[in-house]
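These notes are about the structure you will find just below.
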Amino acid sequence: MQSKRWLFESLPSNEQISLLSKEINVSHVPATLLLQRGVDNFENAKDFFRPSLEHLHSPFLMKGMDIAINRLKTAIENKEKILVYGDYDVDGVTSVAIIYGFLKKLYADQTDQKNLQFYIPNRNTEGYGITKQGLAFAKEESINLIICLDCGVKANEQIQQAKDWGIDFIVCDHHLPDEDLPVSFAMLNPKQKGCQYPFKDLSACAIGYKFLQGFCEKTGVSQRNLHYYLDLVALSIAADLVPMKGENRILSYFGLEKINIDPLPGVKALLNLINSYGKKIGVREIVFSVAPRLNAAGRITDAYNSLNLLLASSESEANKLARELNQKNDLRRDMERKMMLEIDDVLEKSNPERKTNVLFSKNWHKGLVGIAAAKCVEKTYRPTVILTHSESENGGLAVGSARSISDFDIYKAVESCSDLLTQFGGHKFASGMSMPIANVAQFQERFENAVTDTLEKEQLIPPVRVDMEINFSDITQKMFAVVKQMSPFGPQNMRPVFVARNVQLLSPKIIKEAHLKVQVRQGTSLFSAISFGKASFFNQISAKARYDIAFLISENNFRDRSYLQLEIRDILKVG
């Protein structure tokens, strides 16, 4: 009955738990969770539960900050032509929006509209990063300074070309740099060698925020002009799945607060469209409802619809752009649905003994291969590569995306096939590549062998990360109130997952043909529970048996009544 591996986090000592529990007046459960997240005393807990923008590090600790700010000041004073350049995903689009929106709003009188422009490459015809078309646009428009965000850290050749043309680059990127950095005028990246900035895991939009924070401090501009865009930073951090700790958590906290109280017109229009405005918006809603829509434009056509929406200044403009974006998202979903039906058909005919999926079709949309690979991993829990034909390339290239399972380095497996590839890049859990179509069959076998040689059998069983084991008697409204305040949740500060032993599962029901609803009892404690996607467990449940369950705690609001409910992640029959 158990379908996943339960991986338990290390527990602090009873002495540590008891000490923190008394110091901050909470029960042992939240005390344990806090210690697991590095919160080990009253002062740390105070900062954790009461974030402040004053807790942000000085932007001038970041290598290159003074140089970048001085260059921007000079450009504005001399009315030079500035191009704000970014990637086509949510982090890239929000990054462009925060820099362009801030400069346009603050310097509308001094800066001619043509002196401040933006550019986002087309995913389908140009690809990622600093492109030939992007540079040609900058040259044609006589741009003097490019501020590029969420890309550029590896664009050595392109930035050298721009320099030869007399164009300066300020690079704001959070990707891991190579040993040799591009010859940019200034590089803002906490991960670059020699950078003493204390927090290394900022999103690109957050780096843009730090750039503008430093600019405000140096020029005496009120930071209220910058706080206006905090919802953009929260969108980027949630969508880009960067660690939800340190400065990311502080910026998310205040960005979500702004989204829920006074969102940008474009954000408000999007929330209205998905019936979420006026409801409590958190990271989950951004990841599953807002981000896919903002990404849709860049996947189907280009990202300007999303960018213009985030920059919209009036309600009517925002509503119009939001409707257009939603139509693109509907189209994206239809195309994705059709693509997944074709993929499912291929998977059904595949050898079940294979440890990987490498699928190719000339008919699949280039902008959807990443989503399809991720969905494939969800269905099969196998390292997956989805490839399609790129019409933008000569010579019949197959281009695609790879997605990995939770504890396997897919980049190394792709790298081992590098002699078959025209280009590749990425990180441990995701990769992109291109290759001659003639190499696809060979790549399928080489990739399968590379994964098989390094993958342990147990790695093919999906894991559930468990924080701690508790009893139902530990679950109280007071305990949950403390746990709820640990939000915003995200990587490295995930919603806590618990295990309870020896429980009964009573009155099982199937909801919407896919989900299992059940009452769970341990001793005298009884809770309502739901297990999404676990309808298949229905026939295996017996009221006489006992089970261990892995679960989260949530709050269900129904008819003006609020009660605690369990979200079951996995079930193990024990007797």
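Residue 140 - would you say it is modelled with pLDDT under 95, open to solvent by 60 Å² or more (accessible area, probe 1.4 Å), more than 26 Å from the chain's Cα centre (by Cα) and not basic (Lys, Arg)? Can you show your working first?
Working: modelled with pLDDT under 95: no; open to solvent by 60 Å² or more (accessible area, probe 1.4 Å): yes; more than 26 Å from the chain's Cα centre (by Cα): yes; not basic (Lys, Arg): yes.
Spelling it out, it is not the case that residue 140 is modelled with pLDDT under 95, open to solvent by 60 Å² or more (accessible area, probe 1.4 Å), more than 26 Å from the chain's Cα centre (by Cα) and not basic (Lys, Arg).
All but one of (1) over 24 Å from residue 233 (Cα atoms); (2) over 26 Å from the mean Cα position of the chain (by Cα); (3) free of Cβ contacts under 8 Å to residues at least 60 places away in the same chain; (4) not in a helix (DSSP H, G or I) hold for residue 80; state the number of the condition that does not hold.
(3)
Tell me yes or no: at least one residue of region 552-569 is among the aromatic types (Phe, Trp, Tyr), open to solvent by 80 Å² or more (accessible area, probe 1.4 Å) and assigned to a strand (DSSP E or B). Let's see the steps before the verdict.
So in region 552-569, the residues among the aromatic types (Phe, Trp, Tyr) come out as 558, 563.
Applying the additional criterion that residues be open to solvent by 80 Å² or more (accessible area, probe 1.4 Å) yields 558.
In the following step, the residues that additionally are assigned to a strand (DSSP E or B) were identified as 558.
Looking for residues that are among the aromatic types (Phe, Trp, Tyr), open to solvent by 80 Å² or more (accessible area, probe 1.4 Å) and assigned to a strand (DSSP E or B), one finds at least one in region 552-569, hence yes.
Looking at region 309-329, can you tell me whether even one residue there is closer than 18 Å to residue 399 by Cα, touching a Gly at 6+ places or on another chain (Cβ under 7 Å) and among the hydrophobic types (A, V, I, L, M, F, W, C)? Steps first, answer last, please.
Residues of region 309-329 closer than 18 Å to residue 399 by Cα: none.
Checking region 309-329: not a single residue is closer than 18 Å to residue 399 by Cα, touching a Gly at 6+ places or on another chain (Cβ under 7 Å) and among the hydrophobic types (A, V, I, L, M, F, W, C).
Which one is nearest to residue 89 (Cα to Cα), of the residues in region 170-190 that are of a type in the set (Val, Ile, Thr) and not in a loop (DSSP other than H, G, I, E, B)? Lay out the reasoning, then the answer.
First pass over region 170-190, keeping only residues of a type in the set (Val, Ile, Thr): 170-171, 183.
Going one step further and asking which of them are not in a loop (DSSP other than H, G, I, E, B), we end up with 170-171.
On the way: 170: 20, 171: 17 Å.
It comes out as 171.
Report, by residue number, each residue of region 438-465 that is more than 30 Å from residue 551 (Cβ to Cβ), crowded, with 17+ Cβ neighbours inside 10 Å and not acidic (Asp, Glu). Before the answer, list the steps.
Just the residues of region 438-465 that are more than 30 Å from residue 551 (Cβ to Cβ), to begin with: 438-454.
With the extra rule that they be crowded, with 17+ Cβ neighbours inside 10 Å, the set shrinks to 439-440, 443-444, 446-448, 450-451.
439, 440, 443, 444, 446, 447, 450, 451 - these are the residues of region 438-465 that are more than 30 Å from residue 551 (Cβ to Cβ), crowded, with 17+ Cβ neighbours inside 10 Å and not acidic (Asp, Glu).
Go through region 205-249 and report how many residues are β-branched (Val, Ile, Thr), surrounded by fewer than 23 Cβ atoms within 10 Å (Cβ to Cβ) and part of a helix (DSSP H, G or I).
Number of matching residues: 1.
Inspect all residues belonging to region 267-282 and state whether any of them is closer than 17 Å to residue 94 by Cβ and either open to solvent by 50 Å² or more (accessible area, probe 1.4 Å) or charged (D, E, K, R) (or both).
Yes - at least one qualifying residue is present in region 267-282.
From 11, 35, grab the single residue that is closer than 30 Å to residue 458 by Cβ and in contact with a Pro (Cβ under 6 Å, 6 or more places away or on another chain). Explain how you work it out, then say what you get.
Numbers: 11 fails: in contact with a Pro (Cβ under 6 Å, 6 or more places away or on another chain).
Among 11, 35, only 35 is closer than 30 Å to residue 458 by Cβ and in contact with a Pro (Cβ under 6 Å, 6 or more places away or on another chain).
Kindly indicate the residue of region 339-358 that is free of Cβ contacts under 8 Å to residues at least 40 places away in the same chain and under 25 Å from the mean Cα position of the chain (by Cα) and also nearest to residue 375 (Cα to Cα) among those meeting that condition. Can you show your working first?
Narrowing region 339-358 to residues free of Cβ contacts under 8 Å to residues at least 40 places away in the same chain: 339-342, 344-353, 357.
Those left that are additionally under 25 Å from the mean Cα position of the chain (by Cα): 339-340, 357.
Details: 339: 11, 340: 8, 357: 12 Å.
In this case the residue turns out to be 340.
If residue 343 passes every condition in (1) open to solvent by 40 Å² or more (accessible area, probe 1.4 Å); (2) farther than 19 Å from residue 89 by Cβ; (3) of a type in the set (A, V, I, L, M, F, W, C) but one, which one does it miss?
Of the numbered conditions (1) open to solvent by 40 Å² or more (accessible area, probe 1.4 Å); (2) farther than 19 Å from residue 89 by Cβ; (3) of a type in the set (A, V, I, L, M, F, W, C), the odd one out for residue 343 is (1).
Let me confirm something: among 67, 82, which residue is among the aliphatic types (A, V, I, L, M), open to solvent by 70 Å² or more (accessible area, probe 1.4 Å) and at pLDDT 95 or above? So that I can check it myself, show each step before the final result.
Working: 82 fails: open to solvent by 70 Å² or more (accessible area, probe 1.4 Å).
Matching residue, one of 67, 82: 67.
Working only within region 270-317, note down all residues that are of a type in the set (D, E, K, R) and in a helix (DSSP H, G or I). Spell out how you get there, then give the answer.
Step one: filter region 270-317 for residues of a type in the set (D, E, K, R), giving 279-280, 284-285, 293, 299, 302, 315, 317.
284, 285, 293, 299, 315, 317, listed by residue number.
Give me the residue from region 350-360 that is open to solvent by 20 Å² or more (accessible area, probe 1.4 Å) and in contact with a strand residue (DSSP E or B) (Cβ under 8 Å, 6 or more places away or on another chain) and, out of that set, nearest to residue 399 (Cα to Cα). So that I can check it myself, show each step before the final result.
Keep residues of region 350-360 that are open to solvent by 20 Å² or more (accessible area, probe 1.4 Å), which gives 350-355, 360.
Pick out the ones that are also in contact with a strand residue (DSSP E or B) (Cβ under 8 Å, 6 or more places away or on another chain) and you get 350, 360.
Details: 350: 21, 360: 9 Å.
Step by step, filter region 350-360, then rank; the result is 360.
The values are calculated or read from the model by the stated rules, or taken from the named source; none is laboratory data. Predicted, not measured: the structure shown is a model, and the values here were computed from it. Positions of Cβ are backbone-derived with ideal geometry, glycine not excepted, and every protein chain shown enters the neighbour counts. The area values use the complete protein model at the heavy-atom level, side chains included, leaving out ligands, DNA and RNA. Shrake-Rupley method; radii C 1.70, N 1.55, O 1.52, S 1.80 Å.
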